[in-house]
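Note sheet for the following structure.
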Amino acid sequence: MKTVIKVVIAVLLVVAIGAGGFIGYKSSQGISYDVSSAEKVGTDVEIVSENDDSVTIKKKSDGEFKVLMFTDTHFCGKREKDIMCAEYIVKNITEQKPDLVIFGGDNISGGFTKKRATEFAVLMENLGVYWAAVLGNHEGEGFLAVSREENVEIFSSYEYCLMREGKEDIDGHGNYTVNILNNDGTLKEVFFFMDSGSYMSDELKAQYGVTDDDEVYDGIKTSQVEWYKEKHDEIEAEYGKFKSVTVVHIPPYQAEGNYENTHFAYGEKREGVCESGFDAGLFDALKEKGSTQAVYFGHDHVNDFGYEYEGILLSYIQSSGYSSYNMESKFDSPENEWIQGCTLLNIAEDGTYTAERIFNHQ
């Protein structure tokens, strides 16, 4: 009997040591890219003012304001694919020299995410450009992953990150604005960033009459819509009428349209739109306030289209990551048909802008 007990204890010790070693190994998994190798791009943008749900910035020189948008980078500890994604982020930022870089969610995924989130932020800091982000549905869901709140805390602790937690009494983490001024102090553009969550809770399903027992994607909630309207009024009271862009991760409810009768401004629909499972009134609020030119989102990796719906452009940001599903894994497409890349906005002094999709492999 004593022999059996000793064997069991020995086995448990081996398992514990192995698990500890595995956890230690996985916890040390960064993005596998030498972040110190990134050469500083620099910026002539400065922060004018900030609070818990807003940052106002100004470009010191005249001319267009360049915004480079990435989404679904999915840094998850897959060494070669994480390196590939990091290399293209650095390449595009170095070549385009944007005034602001935006990440549209599912930036860091998988388990054991603290080191990757930190290294990701350090990489951006070393590039020396201002950056902002929203969270996707995969942030905070992996084993020993940092929570959504902690993810915002990590990012926002860095000098060049403009992400803010937002008001405590509002759903989600990371509801804030970035207000972009012209050199003369007039308002060029406002970016509204909102946390579209992950999956609908049973309580939320009951509230909106969703009977599906399967996982249903989350979305912008009533408290966030009210925050948007109040924030919009606050900015308009200070600067007058303005133009704006809204950035979320999960496509809004209206993104699932009747595509047989839809004219795409660009891109293709290659998979179903995994939109929010409910409508809390965000789109109606965007129309009511009248400043919104576009809503940009990610989430569906092989869709890259944009189309105008009731006067507002609904558009995917060009998907950027390699670790999750993509054209190669979903359709076995050759490299010259991969659509990973980023989206570039060139914003004029009056807030109008042109958009360009950049493909890394085409």
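The values are calculated or read from the model by the stated rules, or taken from the named source; none is laboratory data. Since the structure is predicted, the reported quantities are computational estimates derived from the model, not experimental observations. Positions of Cβ are generated from backbone atoms using ideal geometry, with glycine treated the same way; all protein chains shown enter the neighbour counts. Remember, those area values only see protein heavy atoms, side chains included, never the ligands or the DNA or RNA. Shrake-Rupley method; radii C 1.70, N 1.55, O 1.52, S 1.80 Å.
How about segment 330-362: which GluC sites (Glu not before Pro) there lie in a loop by DSSP and see at most 16 other Cβ atoms within 10 Å? List each step's numbers first, then the result.
Working: sites: E335, E337, E349, E356; in loops: E349.
Passing both the DSSP loop test and the Cβ count: E349.
Lys and Arg at +1, Asp and Glu at -1: add these up for the other residues within a Cβ distance under 12 Å of G351 and post the number. Could the numbers behind the result be given before it?
Details: positive: K188, K241, K243; negative: E64, E189, E349, D350.
Counting the neighbours of G351, the net charge comes to -1.
What does the highest-first list of 319-327, 150-158, 295-303, 36-44 look like by mean Cβ count within 10 Å? Before the final figure, lay out the partial values.
On the way: 319-327: 22.6, 150-158: 18.9, 295-303: 25.0, 36-44: 12.9.
Per-residue Cβ counts within 10 Å, averaged per peptide and sorted highest first, yield 295-303, 319-327, 150-158, 36-44.
Given Cβ point charges of +1 (Lys, Arg) and -1 (Asp, Glu) and nothing else, what value in debye, to the nearest 20, does the dipole of the chain about its Cα centre take? Don't jump to the answer; show the numbers that get you there.
On the way: 32 positive and 63 negative charges, 284 e Å.
Using only the charged Cβ atoms, the result is roughly 1360 debye.
In nanometres, what is the gap between the two model label sites at E50 and E141, each 7 Å from Cα along Cα-to-Cβ?
3.0 nm
Sorted by mean Cβ packing within 10 Å, highest first, what order do the peptides 253-266, 179-192 take?
Working: 253-266: 12.6, 179-192: 19.2.
Averaged packing, sorted descending, gives the order 179-192, 253-266.
I'd like the per residue volume of the convex hull spanned by the Cα atoms of segment 207-335, given in cubic angstrom.
Working: hull volume 18.2 nm³, N = 129.
So the per-residue hull volume is 141 Å³.
Starting from the Cα-Cα distance between T186 and Y259, subtract it from 0.36 nm times their residue separation and give me the gain in nm to one decimal. Don't skip to the end; give the middle numbers.
Values: separation 73, 0.36 × 73 = 26.28 nm, distance 3.88 nm.
Stretched fully, the T186-Y259 segment lengthens by 22.4 nm.
Going toward the positive end of the dipole of the chain, with +1 on Lys and Arg Cβ and -1 on Asp and Glu Cβ, which of I31, V90, G257 do you reach last?
I31
If you find the alpha carbon centre of segment 233-288 and of segment 301-362, how far apart are they in angstrom?
Segment 233-288 and segment 301-362 have Cα centres separated by 16 Å.
Could you work out the pair-distance distribution P(r) of segment 130-187 from its alpha-carbon pairs, with 5 angstrom bin width and percents rounded to whole numbers?
4, 18, 22, 22, 16, 9, 5, 2, 2, 0
Helix-only mean residue ellipticity at 222 nm, the chain, DSSP H runs n ≥ 4 weighted -39,500 (n - 2.57), per residue, nearest 500. What is it? It would help to have the intermediate numbers written out before the result.
Working: 8 runs with 105 residues, N = 362.
-9000 deg cm²/dmol, from helical runs alone.
For D171, what residues show an amide H to amide H distance below 5 Å, using hydrogens built from the backbone and excluding near sequence neighbours?
Excluding prolines and chain starts, which carry no amide H, the hits are S223, Q224.
Give, in nm to one decimal, the length gained when the segment between L313 and D279 is fully stretched (0.36 nm per residue of separation minus the Cα-Cα distance).
On the way: separation 34, 0.36 × 34 = 12.24 nm, distance 1.76 nm.
Contour length minus Cα-Cα distance gives 10.5 nm.
I need the fraction of alpha carbon pairs in segment 97-206 separated by more than 23 Å, rounded to a whole percent.
Working: 1859 of 5995 pairs.
When every Cα pair of segment 97-206 is considered, 31 percent fall beyond 23 Å.
Helix 114-127 against the longest principal axis of the chain: what's the angle in degrees, Cα atoms only, rounded to the nearest 10?
The angle comes out at about 40 degrees.
Report, by chain and number, residues whose modeled amide H sits under 5 Å from the one on G351, excluding near sequence neighbours (fewer than 5 apart, same chain).
For G351, no residues qualify.
What does the convex hull of the Cα atoms come to per residue for segment 29-174, in Å³? Mind dumping the intermediate values first?
Working: hull volume 14.3 nm³, N = 146.
About 98 Å³ per residue, rounded to a whole number.
Students often forget the sequence filter, so: which aspartates and glutamates lie under 18 Å Cα-Cα from K40 once same-chain residues fewer than 8 apart are removed?
E87, E95, D99, E119, E125, E159
Please work out the average accessible area per residue across the chain, using the 1.4 Å probe convention, and give it in Å².
Details: 15750 Å² over 362 residues.
I get 44 Å² per residue for the chain.
Would you mind counting up the charge near A121? Only other residues with Cβ under 13 Å from its Cβ, with Lys and Arg at +1 and Asp and Glu at -1. Each step should come with its number before you reach the end.
Details: positive: K114, K115, R116; negative: E119, E125, E150, E153, E159.
Local charge sum for A121: -2.
Can you return the lysines within cross-link range of K229? Criterion is Cα-Cα under 17 Å, with same-chain partners fewer than 8 residues away left out.
Hits, sequence-local ones excluded: K167, K221, K241, K243, K287, K289.
Pairs K91/K115; K81/K330; K205/K269; K66/K97: which are spaced more than 19 Å apart, C-alpha to C-alpha?
Values: K91/K115 22 Å; K81/K330 16 Å; K205/K269 28 Å; K66/K97 8 Å.
Flagged as over cut-off: K91/K115; K205/K269.
Angle, helix 2-27 long axis vs. longest principal axis of the chain, Cα atoms, 0 to 90°, nearest 10?
So the helix axis and the longest Cα principal axis differ by about 20 degrees.
For the chain, what log10 I(q)/I(0) values come out of the Debye formula at q = 0.07, 0.12 1/Å, with one point per alpha carbon and no solvent?
Rounded to two decimals, the profile gives -0.31, -0.86.
Return one number: the angle in degrees, 0 to 90 and rounded to the nearest 10, between the long axis of the Cα atoms of helix 79-96 and the longest principal axis of the Cα atoms of the chain.
So the helix axis and the longest Cα principal axis differ by about 20 degrees.
State whether segment 131-270 is rounded, prolate or oblate according to the following rule on the C-alpha gyration tensor (a ≥ b ≥ c being the square roots of its eigenvalues): a/c under 1.5 gives rounded; otherwise a/b larger than b/c gives prolate, and the remaining case gives oblate. Working shown, then result.
Numbers: a/c = 1.68, a/b = 1.24, b/c = 1.36.
Taking the square roots of the gyration eigenvalues as a ≥ b ≥ c, segment 131-270 is oblate.
In terms of modelled amide H atoms, which long-range or inter-chain residues lie less than 5 Å from the amide H of M163?
Here A133 satisfy the definition.
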